[in-house]
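Engineer: First the structure, then my questions, so here it is.
Derivation of every value follows stated rules applied to the coordinates shown; laboratory data play no part. Keep in mind the model is a prediction, meaning the values are calculated, not measured. We place every Cβ from the backbone using ideal geometry, glycine too, and count neighbours over all the protein chains shown.
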């Protein structure tokens with residue numbers, strides 16, 4: 001049951017639910033979150049009608065995008081709007097430890113800032129949630 005109506009996002013052709021889900025906490029921001037809890041949270045949000053999800057490769061050092069991407073993989077692409085970010089390329093780094101940048105249990109990657117055209121394109125192409133999908137990126141100065 002969709003409890004949250006959708007509204008058009010000007011000049012995009014997209015419809016956003018009036019409430020969205022930010023997925024940083026699902027990636028362990030400050031406290032670890034296991035996969036089952038993250039999936040149950042995503043499912044509860046979906047069941048409540050939320051169809052706008054915000055994620056980023058930085059969240060849990062790719063953990064959020066992986067969890068959100070896995071959850072959405074079986075759903076019709078035109079049934080949700082996903083926003084992600086670019087500009088922080090995630091490179092493998094086994095020295096990453098719990099607590100790095102506030103992530104309770106980050107995956108072994110480290111962000112490298114790159115806002116160049118090539119960096120933005122690499123970030124997009126590496127995203128498990130963005131590749132081959134229509135994505136809406138919001139920029140706030």
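Engineer: To test your reading of the geometry: what angle, between 0 and 90 degrees and rounded to tens, separates the Cα axis of helix 117-126 from the longest principal axis of the chain?
Structural biologist: On a 0 to 90 degree scale, this one is about 80.
Engineer: What do you get for the angle between helix 35-47 and the principal long axis of the chain? Use alpha-carbon atoms, 0 to 90 degrees, nearest ten.
Structural biologist: So the inclination is approximately 20 degrees.
Engineer: Now a separate question. In degrees between 0 and 90, to the nearest 10, how far off the longest principal axis of the chain does helix 63-72 point, with axes built from Cα atoms?
Structural biologist: For 63-72 against the chain, the angle is about 30 degrees.
Engineer: Further, regarding this structure: How high is the relative contact order of the chain, in percent, with contacts defined as C-alpha pairs under 8 Å that are six or more residues apart?
Structural biologist: 24
Engineer: Rounded to a whole number of µm²/s, how large is the Stokes-Einstein D of the chain at 25 °C and 0.890 mPa s, given Rh as the Kirkwood radius over C-alpha pairs?
Structural biologist: Here the translational diffusion coefficient equals 158 µm²/s.
Engineer: Turning to a different aspect of this structure: Taking every Cα atom in the stretch 21-64, find the radius of gyration and the maximum pairwise distance Dmax, and write them in Å.
Structural biologist: In order Rg, Dmax, the Cα atoms of the stretch 21-64 give 10.0, 28 Å.
Engineer: Going by average Cβ neighbours within 10 Å, how do the peptides 108-116, 38-46 rank, with the highest at the top?
Structural biologist: Top to bottom by mean Cβ count within 10 Å: 38-46, 108-116.
Engineer: Which order do peptides 64-75, 87-98 fall in by mean Cβ count within 10 Å, highest first?
Structural biologist: Put in order of decreasing packing, that is 64-75, 87-98.
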